[in-house]
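One structure is given below, encoded as structure tokens.
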Amino acid sequence: MSKLQAIICLAIFLSNVTFAQAPDTAGISQLFKGHDGAFVLYNMTRNEYTRYDTQRCAERFLPASTYKIPNALIGLETGVIPDSNYIIKWDGKPEPFKEWERDHDLKSAIYYSVVPYFQELARRVGREREQRWLDTLNYGNKTIGGAVDRFWLDNSLQISADEQVEFLKKFYAEQLPFSKRSMRIVKEIMSSEQHGDAIMKFKTGTGYTGHYIAWLVGYVEKGNDVYIFAFNIDGKEFNEASGLRNEIPREIMKRLSVF
């Protein structure tokens, strides 16, 4: 290989390398307050990752309600739900949250993270089509397990923070094997927050596997920059895990100047 070829190869290699910023320089480890957790941030403009606890970032956990993003996409793409206004009626059974005890359309079901809506959606999609989409998307371990309406909640389906980010990169860039219409509908109805000149679109999720694990995943648009992120954390109680989830990733992104 000539010197010129070697330089070109090195340049190509470096253009594809992602460099992780050392998060502890921003005091991030102290924010976790002794809890096990992971954080991945990908800057799409600079092709750069920042990770907290690299080993845990690669560890798979149940996705809980973060699976509502692909679940909604699958429902739209299969025609089970025609649009974001499609209503699934409440079955009248008591639910753990009062907001769930009414009829919901896709918009409100995403906003209130209504598990029964998405369970019924999964039943209507059916095991065969759900499995086909999990395989096509290469989503986590691609496992449904025993129940088509609980596999993202019962620890059958598992995904890592790293894999969440890779899925969301394609979702944001509209490079998933769904129609642009389906992807744009789901983007539009995801929860949104304004942080100065940054807009965060996100989905939460909390599940239980002997202890609680809480997720926050999504993306941030700030000027010409786009950041994709995934966060998870363990907690002994639901309120503890979800409270830490609501607080820590936002503070991390402030310290990393995303907000």
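Data for the structure
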item	result
FRET efficiency, 1/(1 + (r/R0)^6) with R0 41 Å, evaluated for Gln30 and Lys89 via beta carbons	0.30
Packing-based ranking, highest mean first, of 139-146, 242-249, 69-76 given that Cβ atoms within 10 Å are counted	69-76, 242-249, 139-146
Kyte-Doolittle at least 0.0, axis length at least 18 Å by Cα - qualifying DSSP helices, the chain	3-16
The chain - charge dipole about Cα centre, Lys and Arg +1 at Cβ, Asp and Glu -1, debye rounded to 20	460 debye
q = 0.22, 0.23, 0.24, 0.32 Å⁻¹, the stretch 142-182: log10 I(q)/I(0) [Debye, one scatterer per Cα]	-0.81, -0.83, -0.84, -0.92
Calculated P(r) of the stretch 71-141 - Cα pairs past 14 Å, %	58 percent
Rounded to the nearest 20 debye, dipole of the stretch 47-153 from Cβ charges on Lys, Arg, Asp, Glu	200 debye
Radius 11 Å from Cβ of Phe202, net charge of other residues (Lys, Arg +1; Asp, Glu -1)	+3
Mean Cα-pair separation over length for the stretch 43-147, i.e. relative contact order, pairs under 8 Å, 6 or more apart, %	23 percent
Cα shape, the chain, gyration tensor, a/c 1.5 rule	prolate
Cα gyration tensor category, rounded, prolate or oblate, for the stretch 172-236 with a/c compared to 1.5	oblate
Proxy reagent accessibility, fewest Cβ within 10 Å first, across Asp149, Asp83	Asp83, Asp149
The chain: relative contact order as a whole-number percent, Cα under 8 Å and 6+ apart	22 percent
Calculated [θ] (222 nm, deg cm²/dmol) that DSSP helices of n ≥ 4 give over the chain, each run adding -39,500 (n - 2.57)	-11500 deg cm²/dmol
Where only C-alpha atoms are counted, convex hull volume of the stretch 91-237 per residue in Å³	138 Å³
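No lab work stands behind these numbers, since they all come straight from the coordinates. Bear in mind that the values here come from a model prediction, so they are computed numbers and not experimental data. Positions of Cβ are generated from backbone atoms using ideal geometry, with glycine treated the same way; all protein chains shown enter the neighbour counts.
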